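The values are calculated or read from the model by the stated rules, or taken from the named source; none is laboratory data. None of these values were measured; they are calculated from a predicted model. Neighbour counts are summed over all protein chains in view; Cβ atoms, including those assigned to glycine, are modelled from backbone coordinates with ideal geometry. Just so you know, the surface numbers come from the protein's heavy atoms only, side chains and all, with ligands and any DNA or RNA stripped out. Shrake-Rupley method; radii C 1.70, N 1.55, O 1.52, S 1.80 Å.
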Amino acid sequence: MIKKLDRLRRFEMIRTLAAVGLALGIAFLLILFTSEQPIDALRAFILGPISKFRYFGNVLELMIPLLFTGLAVSVMFSANQFNLISEGAFFVGALGSSWIATNFLLPAGIHPVVGILVAGLIGAVVAMIPAILKLKWNADVLVSSLMLNYILMFLGFYFLNYHLRDPQAGDMASFKFPDSARLMKILPGTRVHIGLIVAILAVILIYLFMFKTRWGYEIRMVGKNESFAKYSGMNVFRVIIVSQMVGGFLAGLGGGIEMLGMYTRFKYKTLPGFGWDGVIVAILAKNNPALVPVGAFFLAYLRIGADIMSRSTDVSSQLVGIIQGVVIILVAAEHFMSKRKNRIIYEESMADLSAVKEAK
Amino acid sequence: MSSIIDIIGTSEFWYSVIRVTTPILFAALGALISDSAGVINIALEGSMLWSAFAGVVFSAWFDSAWIGLLAAIIIGGLVGLMLAYFALNLKTDIILSAIALNLMAAGGTIFLLFVVSGDRGISSSLDSRVLPKLFTGLADNVPIIGPVIFGHNVLTYVAFVLVFVTWFFMFKTPMGLRLRAVGENFHAADSVGISVKKIQYQALVLSGIMAGLGGAFMSMGYVSWFSQNMTAGRGFIALAAKAMGGVSPIGTMIASLFFGFASALANYEAEISVPAEFVKMIPYIFTIVGLVVYASKKQSDVKRARQKQAEAATSSKGGE
């Protein structure tokens with residue numbers, strides 16, 4: 001039995017790799033057909049991120065927000081709620097940390113901690129809203145969270161415009177963050193900051209939360225079969241609210257950390273898109289927190305590679321959008337390579353059966 | 001407050017309500033058709049974006065707005081077809097498939113725009129065409145309502161005509177009946193020999209075509225170019241309009257007009273003495289409120305029906 005599970009899990013991994021490979025193959029074909037300098041473009045795309053230490057630093061920098069929103073979406077989707085609020089939660093988290101950074105005077109060690117915790121709390125509160133609308137009035141989570149993202153964006157810009165805006169900045173941006181509020185850099189020669197370590201800790205904690213605590217078990221059960229969870233005595237209402245709040249907290253935390261780690265002012269002009277990226281990461285990781293770093297690394301590497309490629313050659317970095325789409329569809333497709341999966345299940349079952357017969 | 005009333009009193013305002021309603025209405029009718037067949041189409045946004053792009057490119061290449069429109073319709077339907085293939089054949093979760101298609105549309109259109117024209121983000125070097133406006137002469141000759149309902153883009157009239165065509169299709173044709181049967185209970189439909197998969201394929205393609213018309217309007221009527229993410233969430237607003245409008249195309253139209261009203265008001269932000277951010281928020285707030293009202297009404301309807309059934313059951317038992 002254990003052997004069968006192992007073989008299936010290994011197969012799932014191979015399947016994901018095959019999907020990624022196929023998507024990259026399509027990308028290569030597109031580059032070959034559309035570029036005047038396909039070899040250079042491919043080289044920049046694949047090897048660019050490891051060609052310079054600074055570029056690899058860019059990959060790690062980009063991984064940090066992806067880790068947080070990837071974890072956030074994994075937890076929310078585990079409860080079978082298609083809550084896309086991580087986009088808005090990330091945004092208001094970033095704004096909340098900017099508010100703490102610019103409006104309060106705190107000692108250097110404590111200032112960023114307060115900033116990112118406030119960011120997380122704001123994220124948790126907003127993530128609750130679509131869940132409550134769903135549980136109380138049966139409003140579709142997906143649509144209401146999408147709409148709420150836009151509302152949060154405009155609310156955020158109002159707040160920025162009337163409370164945080166630096167009139168000297170020229171552009172619409174907040175006052176400059178004091179040094180006491182900013183996160184420490186940890187890799188000289190790059191902008192990688194201590195947020196990476198917080199992110200890794202978050203991965204470990206959320207893994208333990210989801211797989212080693214009763215809370216996590218309940219979230220996964222509700223996600224798999226809500227009626228079953230209800231009949232076995234779980235408080236489904238509470239479980240869903242908790243899962244969405246944990247997710248929102250992570251997304252908000254990510255926003256705060258990104259802001260205080262990478263920026264000197266709040267200057268987003270629109271939603272930054274990390275919430276949607278979190279969906280991609282969670283799909284690649286199959287909602288498993290332990291695999292979120294793999295998904296986040298892959299996506300960050302793709303993005304930086306595409307960026308380097310578009311700067312040095314004639315291929316647009318938007319190519320990544322196509323790769324992402326193909327990967328999501330194939331990874332999430334039950335029937336992609338399903339014949340092989342069924343054969344594994346069949347062979348293992350036959351082996352089990354013959355073992356039972358022999359024993360008799 | 002008085003400034004808002006002044007704005008609502010002008011015929012230009014109501015003209016713009018109809019204008020901004022058009023793309024939402026197309027996509028909402030698409031959402032209605034696919035939802036009726038029991039398949040949710042969140043890729044409406046992607047269909048619209050690809051179609052807006054195709055309209056600009058093909059109308060520029062062939063020097064004809066009509067060929068652009070045709071291309072937009074075909075591409076919109078193709079996105080629906082892809083969604084159907086992923087969801088019904090590859091058995092990918094239909095929501096995830098649609099998210100993937102939307103991502104591909106956002107990146108793919110910009111990628112291809114650069115390939116075909118060398119433009120980055122906006123089609124400034126493509127000499128694309130726009131679809132004609134109709135009844136412009138009547139606008140000034142008919143008092144009060146003339147300037148409101150005449151002189152719109154041809155697709156605006158198509159959208160409102162499609163409301164009635166969709167109604168007829170859904171409720172008066174055998175195919176519409178099959179569509180609704182599949183959405184209502186696909187096991188029952190299957191048992192009487194309806195091919196559920198085929199019907200859902202058709203529904204998704206049709207809804208993609210509807211969204212495609214909305215996309216064509218965006219780039220060949222609303223404005224005369226293609227730009228990055230120009231649909232700006234209209235496909236999602238359409239989903240909400242559908243949710244609010246219930247199961248009838250007329251309801252969908254009223255809900256779409258409601259969103260059009262809110263969006264049009266947001267366009268007058270400069271003249272309203274409220275912070276612009278709040279005005280821009282209005283359509284989205286309306287969407288959530290509408291969604292909650294509709295969903296909770298439906299929920300209480302179901303409860304009431306169940307209660308009635310239970311009462312009927314007990315009273316019939318009492319009679320025995």
Would you check if there is a residue in region B:9-18 being open to solvent by 50 Å² or more (accessible area, probe 1.4 Å), of a type outside the set (Ser, Thr, Tyr) and free of Cβ contacts under 8 Å to residues at least 24 places away in the same chain? yes
If only one of A:100, A:204 is of a type in the set (Val, Ile, Thr), away from chain B (no Cβ under 14 Å), under 20 Å from the mean Cα position of the chain (by Cα) and assigned to a helix (DSSP H, G or I), which one is it? A:204
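Name the residue, out of B:125, B:97, that is of a type in the set (S, T, N, Q), touching a helix residue (DSSP H, G or I) at 6+ places or on another chain (Cβ under 6 Å) and away from chain A (no Cβ under 14 Å). I'd like the intermediate steps shown before the answer.
Working: B:97 fails: away from chain A (no Cβ under 14 Å).
None of the other options fit; the residue is B:125.
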When region A:234-273 is checked residue by residue, the ones that are more than 15 Å from residue A:92 (Cβ to Cβ), touching a Phe, Trp or Tyr at 6+ places or on another chain (Cβ under 9 Å) and assigned to a helix (DSSP H, G or I) are A:239, A:242, A:243, A:246
Please identify the pairs in which a residue from region B:280-295 that is more than 8 Å from chain A (Cβ to nearest Cβ) has its Cβ atom under 7 Å from the Cβ atom of a residue that is among the aromatic types (Phe, Trp, Tyr) and open to solvent by 10 Å² or more (accessible area, probe 1.4 Å), counting only partners at least 6 apart or on another chain. B:286/B:258
Give just the number: which of (1) within 14 Å of chain B (Cβ to nearest Cβ); (2) outside any helix (DSSP H, G or I) does residue A:106 not satisfy? (1)
For residues in region B:175-203 being more than 13 Å from residue B:36 (Cβ to Cβ) and small (Gly, Ala, Ser), which is surrounded by the most Cβ atoms within 10 Å (Cβ to Cβ)? B:195
Go through A:146, A:135, A:152 for me and flag whichever is at pLDDT 85 or above, touching a helix residue (DSSP H, G or I) at 6+ places or on another chain (Cβ under 6 Å), open to solvent by 20 Å² or more (accessible area, probe 1.4 Å) and among the aliphatic types (A, V, I, L, M). A:135
If you scan region B:238-247, which residues turn out to be within 18 Å of residue B:215 (Cα to Cα) and facing chain A (nearest Cβ under 8 Å)? B:239, B:240
Set B:142, B:116: member being more than 14 Å from every other protein chain (Cβ to nearest Cβ) and aliphatic (A, V, I, L, M): B:142
Is there a residue being crowded, with 24+ Cβ neighbours inside 10 Å, part of a loop (DSSP other than H, G, I, E, B) and modelled with pLDDT of 90 or more anywhere in region B:220-235? yes
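Could you tell me whether region B:113-123 includes any residue that is assigned to a loop (DSSP other than H, G, I, E, B), among the basic types (Lys, Arg), farther than 21 Å from residue B:211 by Cα and open to solvent by 10 Å² or more (accessible area, probe 1.4 Å)?
Yes, there is a match, as at least one residue in region B:113-123 is assigned to a loop (DSSP other than H, G, I, E, B), among the basic types (Lys, Arg), farther than 21 Å from residue B:211 by Cα and open to solvent by 10 Å² or more (accessible area, probe 1.4 Å).
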Does residue A:188 qualify as being under 18 Å from residue A:265 (Cα atoms) and free of Cβ contacts under 8 Å to residues at least 40 places away in the same chain? no
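Listed here are the residues, each with its yes/no results for (1) within 30 Å of residue B:165 (Cβ to Cβ); (2) modelled with pLDDT of 80 or more.
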position	(1), (2)
B:238	yes, yes
B:244	yes, no
B:268	no, no
B:304	no, no
B:310	no, no
B:314	no, no
B:318	no, no
Any residue that is at the interface with another protein chain (Cβ under 10 Å from one of its Cβ atoms) and either in a helix (DSSP H, G or I) or of a type in the set (Ser, Thr, Tyr) (or both) - is there at least one of those in region B:62-70? no
Here the residues within region A:52-97 that are part of a loop (DSSP other than H, G, I, E, B) and under 30 Å from residue A:188 (Cβ atoms) are A:52
Looking at (1) open to solvent by 10 Å² or more (accessible area, probe 1.4 Å); (2) in contact with a Leu (Cβ under 9 Å, 6 or more places away or on another chain); (3) farther than 20 Å from residue B:43 by Cα; (4) within 14 Å of another protein chain (Cβ to nearest Cβ), can you tell me which one residue B:257 breaks? (4)
Can you give me the ranges of the helices (runs of 4 or more DSSP H) entirely in region A:290-360 with at least 2 residues that are within 14 Å of chain B (Cβ to nearest Cβ), in contact (Cβ under 8 Å) with a residue 12 or more places away in the chain and closer than 30 Å to residue A:47 by Cα? A:292-312, A:319-332
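Considering only residues that are charged (D, E, K, R) and more than 7 Å from every other protein chain (Cβ to nearest Cβ), which ones fall in region A:121-160? It would help to see each step written out before you state the result.
Of all residues in region A:121-160, those charged (D, E, K, R) come to A:134, A:136, A:140.
Across region A:121-160, the qualifying residues are A:134, A:136.
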Tell me the residue from A:98, A:78, A:74 that is in contact with a Ser or Thr (Cβ under 9 Å, 6 or more places away or on another chain), small (Gly, Ala, Ser) and either closer than 22 Å to residue A:294 by Cα or open to solvent by 10 Å² or more (accessible area, probe 1.4 Å) (or both), please. A:78
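Looking only at region A:165-180, decide whether some residue is in a helix (DSSP H, G or I) and either touching a Ser or Thr at 6+ places or on another chain (Cβ under 7 Å) or buried (at least 21 other Cβ atoms within 10 Å of the Cβ) (or both).
Here is the first cut: in region A:165-180, the residues in a helix (DSSP H, G or I) are A:167-169, A:179-180.
Still in the running and either touching a Ser or Thr at 6+ places or on another chain (Cβ under 7 Å) or buried (at least 21 other Cβ atoms within 10 Å of the Cβ) (or both): none.
No: zero hits.
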